[in-house]
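Notes follow once the structure below has been shown.
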Amino acid sequence: MSTIFGLSHNVTLLLWTLVAIVFLIVFIAKFKWNPFVTLLLSSLLLGLLTGMQPLEVVKSITSGLGGTLGTIAIVIALGTMLGKMMAESGGAEQIASTLVDKFGEKRVHWAMMVVGFIVGIPVFFEVGVILLIPIVFTVARKTKMSLLQIGIPILAGLSTVHGLVPPHPAPMIAIDAYQADLGKTILYSLLIGLPTAIIAGPVFGKYIGKRIQVEPPAKLAEQFALKNERQLPGFGITLFTILLPVILMLIGSIANIVDPEGVSGWTVFCEFIGHEIIALLISVVFSFFSLGFARGFKKEDISRFTSECLAPTATIILIIGGGGAFKQVLINSGVGDAIAAMATQANINIILFAWFVAALIRVATGSATVAMTTAAGIVAPVLALNPGVNVELVVLATGAGSIVLSHVNDAGFWMVKEFFNMSVPQTLKSWTVMETVLSVVGLIFILLLSTVV
């Protein structure tokens, strides 16, 4: 079945890949099948259609799934624990209230963007929304500002970090697939992410907030208004705890730049603590003390927090694993090489190619994670044939493409709609446009940076 109608081998492989991707999209978007199951079925379908032996397909699926989750599963688990400690200790509230006080009421929407950006570093987007929505309601009530003028900047900060900034799973998937440098990716993601979040957050939020007036859901607003006051952890220690994994990763990368041969024992040590797993592990253990025992929690409380927060991560871990399986079948079947050869012959800009592939899958499936994992498998072989490309910027382009045009097939769309008490058209005009602005502006900044680095 590897060739049809006398077409060339590469074209045939691409046609079968298109069939598998259409199958993936239709069953996730239209029939609402579980993405993990659908990814496994798509991987199996692609392998068999392209002429792989059945047992070889199974081997590719298992090796791809296991290889992808080797690091990512640990990163997700540790990052979730860090986010849980921040939530239970009141660290998110402390960061928000401090920044609002510092910025002042007139510039509070700028403070909200910074809050979303900082709080989003250790937590998933959905967790960040749940953490920060009480703060959005409280600040909007205190300042009498539009709910969207307060909320859009927070959503922009959270979404930017989710799509672009390691150690979030999306960029980590691409870093692993493209063999990119973690430290450089963090540096570039901050250079690109901050101005992108400013444009999509405070700037767009002020514009749309004047045009769409919404009130928070009555029951939620009442619940948060009656929330008991509690003593919060210090701003400095909370900020340091959240940023500790990023600091450690940057230390490891700087040590590698200063001493690329790793001759010094100090360099080896810095690279060790700067490895994403070790950096997150150190940060989580530190949070047990800084946001746990120091806040009066008992060891049983911390054990409970770190256990119960892992259950919701099972779905995303499996989806990432399924995406890794699909990626491996793409590579082992020869599809990756076929795409790479055709893209190279066509002289396609790899950054635009990565963004476009991720964006197509994102729009079709509604999942940034599926978009990132599938796009990584398609783009990685193209990168291998283009050694002069800045790999770290391709990581960011893939991440930017994976957050474009969130609409009705995205769970995040409905979460934002319900929390902000909007209609579907209002959500499309605010949230969907904001996500698209993030993606497109991010791509523009990536292309501009590519002319320099």
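The values are calculated or read from the model by the stated rules, or taken from the named source; none is laboratory data. Treat the numbers as computed from the prediction; the structure is a model and nothing was measured. With ideal geometry, Cβ positions are generated from the backbone for all residues, glycine too; neighbour counts draw on all protein chains shown. SASA here: full protein model, heavy atoms, side chains in, ligands and nucleic acids out. Shrake-Rupley method; radii C 1.70, N 1.55, O 1.52, S 1.80 Å.
Within the range 313-354, list the residues whose amide N lies under 16 Å from a label point set 7 Å along Cα→Cβ of Ser63.
324-337
Return the sequence-ordered ³J(HN,Hα) values of the range 419-427 in whole Hz as given by the Karplus equation 6.51 cos²θ - 1.76 cosθ + 1.60 applied to θ = phi - 60°, using x for Gly and Pro.
Ordered by residue, 3J(HN,Hα) equals 5, 9, 6, 10, 7, 4, x, 5, 5 Hz.
Rounded to a whole number, what % of the accessible area of the chain do carbon and sulfur atoms account for, probe 1.4 Å?
Here carbon and sulfur together make up 67 percent of the probe-accessible area.
Within 10 Å, count the other beta carbons around each residue, average over each peptide in 162-172, 193-203, and list them highest first.
Most protected by this proxy first, the peptides run 162-172, 193-203.
Averaged per residue, what accessible surface does the range 9-88 expose to a 1.4 Å probe, in Å²?
For the range 9-88, the solvent-accessible area averages 43 Å² per residue.
Probe of 1.4 angstrom, ligands and nucleic acids ignored: what's the accessible area per residue over the range 328-400, in square angstrom?
Value for the range 328-400: 30 Å² per residue.
Roughly how many Å² is the accessible area per residue of the range 129-220, as a whole number, for a 1.4 Å probe?
About 34 Å² of surface per residue is accessible.
For the range 64-210, compute the number of Lys pairs whose alpha carbons are separated by less than 20 Å, excluding pairs fewer than 8 positions apart on the same chain.
Lysine pair count for the range 64-210: 11.
For Rg/Rh (Cα atoms, Kirkwood Rh), which listed value, (1) 1.15; (2) 0.98; (3) 1.04, comes from the coordinates shown?
(2)
With every protein chain kept in the model, how would you rank Phe240, Phe305, Phe235 by accessible area, 1.4 Å probe, largest at the top?
Solvent-accessible surface, decreasing: Phe240, Phe235, Phe305.
Please work out how much length the chain gains when fully extended from Ile273 to Ser307, using 0.36 nm per residue of separation minus the C-alpha to C-alpha distance, in nm with one decimal.
9.8 nm
Using 0.36 nm per residue of separation minus the Cα-Cα distance, give me the extension gain between Leu191 and Leu448 in nm, one decimal.
Here the segment from Leu191 to Leu448 would lengthen by 91.4 nm.
If you average the C-alpha positions of the range 294-365 and of the range 65-102 separately, how far apart do those two centres end up, in angstrom?
Result: 18 Å between the Cα centres.
Per the helix-only calculation at 222 nm, which mean residue ellipticity applies to the chain, given -39500 (n - 2.57) for every DSSP H run of n ≥ 4 and division by its residues, nearest 500 deg cm²/dmol?
-24500 deg cm²/dmol
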